Structures are given as C-alpha cells and as structure tokens.
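A.B. asks: Let me begin by handing over the structure; questions about it come next.
The values are calculated or read from the model by the stated rules, or taken from the named source; none is laboratory data. Computed from a predicted structure; not experimentally measured. Here the Cβ is made from the backbone with ideal geometry for all residues, glycine too, and neighbour counts use every protein chain on show.
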Amino acid sequence: MTQQPVPFMTSDPLTSDRDDAAVTLARAVAPTAIPTSAPRLSVVMPIWNGATRLPSMIERMEEFLDSCPLSSELILVDDCSAAPTVRVLERVVAEDKTVRLVRNDRNRGKGFSVRRGMLLARGAYRVFIDSDLAYLPTEIDKIIDALEAGADVAIACRELPGSRYVTNSDLFGYTYARHMTSRAFNFVVRHALLPGILDSQAGLKGFTAEATEFVFPLVSTEGFGFDVECLYLAYARGCRITQTSVTVQCDDHLTTMHLARDSLRMLGDVARVRWRAWRHSYADVEATEGLTCVR
C-alpha cells in the first residue's frame, strides 16, 4: 500500500472565537469512551436516489463487511430520496437488522448526510464511501490499515503513483474530463487551504472516533465541498493525515454530481472556508467544553 503522510502541524490558526451553533452541536456530541459493545468499524453511505443500482451496491458492501475481521455496522443516510429508493432502503433494513437507516427530513446535500452519519456512528474507525461504489469496498482495507498504523485521518488519493482508473473506451472522454477537473480543483485547494493534500475530493475517507468527534461538529458545508472543510479542520488542528493509493472504477455516467455546476459551487465553498479561517470564525475545539485535541 502506498501512503503519504501530511506533516504534523504545531501551529494553530484557529482561535477561540465562537460560532454558537457549532459549539452547541460540539457539546452535544462530545467524545466519550467507545463502549465495549460498539463495533470497531462504521461505514457511512450517503444515499440520494439511485433505486435501480442501489440493491446491488448495498449487497456488495454487506458482503465486504461480513468478511471483514473487524466487527462492523453499516449506516445508510437517505437524503430525502424519491419513493422507489425509500422502498429499497426499507426492504434492506427489514432484511438485515445490522444496517442502520437515517433519513433527512429534506434534501440537505452530501456534506450534511455524511456529517450526520459520521456523528451517529459508534465505531472506533469511521469510514464514509460514495454509494455508487466507484471505490470498491475492498479499498476500505487500505483506509483501515492507515488508521491502525497511527493516522487520525486516512483518505483515498487518486493522484498517487499507485492509483489507477478502470473504465471502458466509451467512457474514456467523460472519465478524463472529470479527472482533469479534479486536478484543477485540487490545485486551488492545495494553494488556498491544504498544502500537501493531493486529492481532497475522493469519495472514500476514514477517521478515528476521536478525530470524527473533534472535526465533524464544526463542519458546516452541506454540499460536495464539505470534504475541503473537514480536511482543513483536521489539518489545521494537527491531525495526522495519510493519503492512500486507490483504484477507481468508472463503468457509467451515473453520479449525483453535475461536473461544471458543482465544481463552481465547490470553489465557492473553498472561498468560504478560507474566509472563515482568515476571520478566525471557527471555534477553538480545545477550549470547547468536553472536546480535546487528538494530538
């Protein structure tokens, strides 16, 4: 496995200025000892429609978790999907009592759904993955290995030498366009917020329980740009971040992301995070009651 750690940061650009809503939530989910009955691994999948392919995607994830040596739970967060998807999810939960289903009261975006699932998770290791499984469930093993090796945060990175794309000739143009758009976006992110992070947007990331409860209460971005904010908070507070190689499987155009429109929105999210950091408007987690720095 190829891993690239981001150097530990000793400086602290976040100040003690408070965002009242963030602090209230942070106190509500202050980290506690993981109960002995809790699973070692939690996998969070944000869901928005996709009823046709969803059963096979969930089945593949369940098969992986059944074979995983760690005790586990699967959390499906439904972002107010249409009726066909709701029926699929209800059937899955009825057939497998180990699957937890959480529903948003309205469509809130991928960021909100992931944040909600990660904070409801009980595992010592908490991983979120895109529901289209462009990153195969077995890629989670690399994330677990990195966390067990001492990382606070482990992220899939499509830019590492060991990473590769698997696609067919019909989709090559689409896959290449997404890849180049991603590279341009990550160039901006590296220079604006996250030096050393080659790929902030891959839909496979893992956090320890402590890092989850340290970072996610303060994440406010609800759309696709939420990855940047959660990684910035982790990076700025000194979490050890490891990047792992990954195989990306692109076999169709199905995605909830609109390439041009959502790329512009994510750039707006980057600007907002940078502005909040410059204005010192993020809460100082160490000073928040019940929360302590993981490093």
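A.B. asks: Select from segment 167-187 the residues that are under 24 Å from residue 233 (Cβ atoms) and either surrounded by fewer than 16 Cβ atoms within 10 Å (Cβ to Cβ) or small (Gly, Ala, Ser) (or both) and write down the one among them that is modelled with the highest pLDDT.
C.D. replies: Going through the qualifying residues, I end up with 187.
A.B. asks: Of the residues in segment 144-166, how many are of a type outside the set (D, E, K, R) and either modelled with pLDDT under 95 or within 19 Å of residue 186 (Cβ to Cβ) (or both)?
C.D. replies: So the count comes out to 11.
A.B. asks: So which residues in segment 117-138 are in a loop (DSSP other than H, G, I, E, B), in contact with a helix residue (DSSP H, G or I) (Cβ under 6 Å, 6 or more places away or on another chain) and over 20 Å from residue 201 (Cβ atoms), if there are any at all?
C.D. replies: Selection gives 124 alone.
A.B. asks: So which residues in segment 239-260 are at pLDDT 90 or above and either part of a loop (DSSP other than H, G, I, E, B) or acidic (Asp, Glu) (or both), if there are any at all?
C.D. replies: Matches in segment 239-260: 239, 240, 245, 246.
A.B. asks: Quick one: in segment 80-108, of everything that is touching a strand residue (DSSP E or B) at 6+ places or on another chain (Cβ under 9 Å) and part of a loop (DSSP other than H, G, I, E, B), which residue is nearest to residue 222 (Cα to Cα)?
C.D. replies: Looking at the filtered set, the residue picked out is 104.
A.B. asks: Right, here's the next one. I need every pair where a residue in segment 261-275 that is within 15 Å of residue 220 (Cβ to Cβ) and at pLDDT 80 or above has its Cβ under 6 Å from the Cβ of a residue that is in a helix (DSSP H, G or I) and of a type in the set (S, T, N, Q), sequence separation at least 6 or different chains.
C.D. replies: Taking only residues 6 or more apart or on different chains, not a single pair turns up.
A.B. asks: Another question about this same structure. Can you pull out every residue in segment 217-238 that is within 18 Å of residue 202 (Cα to Cα) and either assigned to a helix (DSSP H, G or I) or over 14 Å from the mean Cα position of the chain (by Cα) (or both)?
C.D. replies: 226, 227, 228, 229, 230, 231, 232, 233, 234, 235
A.B. asks: Look at residue 114 and say whether it is at pLDDT 95 or above, of a type outside the set (S, T, N, Q), closer than 21 Å to residue 153 by Cβ and not in a strand (DSSP E or B).
C.D. replies: yes
A.B. asks: Among the residues of segment 216-230, which ones are more than 18 Å from residue 243 (Cα to Cα) and aliphatic (A, V, I, L, M)?
C.D. replies: If the condition is that a residue be more than 18 Å from residue 243 (Cα to Cα) and aliphatic (A, V, I, L, M), then 218, 219 are the ones that fit.
A.B. asks: OK, next. Residues that are at pLDDT below 95, β-branched (Val, Ile, Thr) and over 18 Å from residue 110 (Cβ atoms): does segment 188-195 have at least one?
C.D. replies: Yes, there is a match, as at least one residue in segment 188-195 is at pLDDT below 95, β-branched (Val, Ile, Thr) and over 18 Å from residue 110 (Cβ atoms).
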